[in-house]
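Student: Pasting in a structure now, in structure tokens, and then I'll have a few things to ask.
What follows draws every value from the coordinates through simple rules; no lab data is involved. Treat the numbers as computed from the prediction; the structure is a model and nothing was measured. Using ideal geometry, Cβ is built from the backbone for each residue, glycine included, and neighbour counts are taken over all protein chains shown.
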């Protein structure tokens, strides 16, 4: 095995080994820990770039070994895998820098960063998994490694949130386990992308196949926060801001959405799922979740809670895109996986900045923050406008493709869902922007950090990642036509998917 | 050479016991080290011999069957003796740092007798020999429980003694009846001669109930929580990881050797029902405990239930499904041995830290002793059956077997059990994350204690990656069976 074929393993190992080393380091070695974190994140990005170039040249590195007789552990870097892996690796770097600033002078950093890296390792495993069994392993590992992050603060409230989070995700994991076990028992070990055996099975036993599809998708839906199993997500908001950013923008919800993509495209095949009517049912749930999430977001007065319900709504755009048969809708769904990640991470970083610098948690406290923290506020504005779908920010590209994809798939009603949701998005984001930029400050800030007076805005370690992700959100939209944009990578995936 | 090597697992610990009784206590640790090393080397040699040349049987002292004492090496025997070697070494190492000198002096002879008994059981090929092993096991295990030397430990030991003796009586009565009918107690000869008659049914009934009593299968389990939860930490680990496996091992041997024919389904379902109830009841009780070690003890009860599911799933209808059931069951047994020993040791360390036994005193420990919580957590992952771990692979195979035979009841119980076990393990976990204002006043266990716990937990996770090695031994044996 050459270095290049083993690349998927190295990508996984960079964060896994980082996690192990960090666990072993004593709590007070902050400098060393930071160095290891950053270096590992940079190495990972280098590996990912290398892999992207290989995959673009039609080369698919793959590693597999026998875990149980006849059952293989497979890591495979195909084009779709690289989409998610690329997103996670970039946001890992940003979130790590942010977290270093955010947790400065707080206890338990060894534990936090250890699990944080482990969480990223699981995400990498999820993206690179080459069959359902491998996917399941990392899917469960993700549950385990995020729990300590959710309860990190150790308050009773955090523990309760952790319990709810676990209840949802473990039951979801169990349903997924059952689905995967059924696939292996009745259909056999099928690699992602090999849909022939499944097609035969669907023809032979349509009812069992539908049940298996239901089990798999329900298992994934819990993490993707699809209605009615979205309840954990707003509750998990008690976690520290970098965790919310990572959980909501990258790791957990995206793992669920990515799983749905894998099941639809690489286990059942999109044409088959469409033909069997699975996708129609899924599109109804996704559409409802889009509207429901936005509706609930409007009612929230806590910034992070509003963002959380916004996530519930936004992740379902990805699922909606998956259900639109035809390349254009698929592009819309897949590209939103990346775009939503960039924009939502920006928004959570901003929420963290407001909370850390001025102690702002409630929406009513935002008045006049534009003057006090202009850079954070600009980033927040970029994220919010992107979510609404304003060009040239990335969110516009996603919505454009979703809309045209819906027309191409002959599902005109989806257009109405998109329009209604954009309206609702505007309803819950524009008042915030109005407060930030146009309303005067109301009295003193709730909890202004006094020793930060020398900075006009949040401290650099918090501000820089925020600005980077905000910048990326604009760049991804502005240069969507270039060869290096997420959009063109997604087009590559979709070309390969729809070409036999 | 092989003749010597096959008897060494019995002779070495027996010698160890005698020497540790005779020589002054200050040599005990050195003796333990040398003999343990000898056992490990010997087990490795047996393993190599087995994988090169297949099963091997040896009749001791020149007596032929049915009178002679037969020892044999096959896949199950080799897997279980490797398992007890690893777990006992680590527990012995742990005990050396954990126990006080006075306790240690009494610990070693019992420890060696326990190991003699276990190895006798793994290697024996006839029912009477197994009985001798069981009796020796009972006495050494009860002795170890009584080492706790407080009122509760003594009461638990006494209760354990009565239950175990009752079990032995049942077993002895059964083999007497079998001998009267078939004229042999050698398992291989019995396997050929056996037919299900009234006498043999009664005999097997006595034996099964006796063995289930010793294994603490629901509803014959009441002695287990006080004995396992109340004794000294290294003893709890040995009991939960190894001792209950011995009587279960005999059950499994009988099940695989004797042709039950059409009755297999009924008997299997009956035992599965007990197992399923044990899973739910044990997990539920674990969830309701407030003492750390009691949770771990009740968790053993639930895990025994999983082992019992081998019987309904391994019932002669579909060879692939049978194989999956056996493989899954063996993996469950192995990973439970590693994980539960690791978990008890980790729990013992946490008790050293807090000096209290209840869960609420664990608050803040995940910050103070992260390595130890990590050890507890890793073992927990295997017990819950979450990937990647030996426990998950075992559960996966059991699920596959149930699916293949469309046995939905067992499937649902397996899945429900995982959820309940996750509930009680995360309950412990969440207490350690709680931050209270009380301030941290913790003792510090020695690093050796922490690393012992961690090593076993890590092994139970690694088993998830190297299960194929273990299962290859089993399939190797199946292929070579004449």
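Student: Return the FRET efficiency for the residue pair residue B:288, residue A:498: r is the Cβ-Cβ distance, R0 is 56 Å, and the value is rounded to the nearest 0.05.
Tutor: 0.50
Student: Right, here's the next one. Helix B:408-433 against the longest principal axis of chain B: what's the angle in degrees, Cα atoms only, rounded to the nearest 10?
Tutor: Roughly 20 degrees, rounded to the nearest 10.
Student: Take the alpha carbon atoms of the stretch A:338-398, find their center, do the same for the stretch A:48-84, and report the distance between the two centers in whole angstrom.
Tutor: 35 Å
Student: Oh, and also: Please arrange A:496, B:100, A:111 by how many other C-beta atoms lie within 10 Å of their C-beta, fewest to most.
Tutor: B:100, A:496, A:111
Student: Quick one: B:367, A:109, fewest Cβ neighbours within 10 Å first, how do they rank?
Tutor: Ordered from fewest to most neighbouring Cβ atoms within 10 Å, B:367, A:109 come out as B:367, A:109.
Student: Determine the distance separating the Cα centre of the stretch B:235-275 from the Cα centre of the stretch B:31-110; give it in Å without decimals.
Tutor: About 22 Å separates the Cα centre of the stretch B:235-275 from the one of the stretch B:31-110.
Student: Given a Förster distance of 45 angstrom, what is the FRET efficiency for residue A:62 paired with residue A:362, based on the Cβ-Cβ distance and rounded to 0.05?
Tutor: Efficiency at R0 = 45 Å is approximately 0.35.
Student: Measure nothing fancy, just the Cα-based angle from helix A:251-261's long axis to the longest principal axis of chain A, in degrees from 0 to 90, nearest 10.
Tutor: 30 degrees
Student: A follow-up question, please. So, R0 is 25 Å and r is the distance between the beta-carbons of residue A:17 and residue B:448; what FRET efficiency does that work out to, to 0.05?
Tutor: 0.45
Student: Now, a different point. If neighbour count is taken as other Cβ atoms inside 10 Å, put A:165, B:27, B:179 in order from fewest to most.
Tutor: B:27, B:179, A:165
Student: As I understand it, the value is the acute angle between the Cα axis of helix A:156-182 and the longest principal axis of the Cα atoms of chain A; what does it come to in degrees, rounded to 10?
Tutor: 10 degrees
Student: Turning to a different aspect of this structure: Sum -39500 (n - 2.57) across every DSSP H segment of at least 4 residues in chain A, then divide by the residue count to get the 222 nm mean residue ellipticity, nearest 500.
Tutor: On the way: 21 runs with 356 residues, N = 500.
My calculation for chain A gives -24000 deg cm²/dmol from helical runs alone.
Student: Separation of the stretch B:358-424 and the stretch A:216-245 by C-alpha centroid, Å?
Tutor: Cα centroid of the stretch B:358-424 versus Cα centroid of the stretch A:216-245: 22 Å apart.
Student: Roughly how many nanometres apart are two label points built 7 Å out from the Cα toward the Cβ at residue B:371 and residue A:301?
Tutor: 4.9 nm
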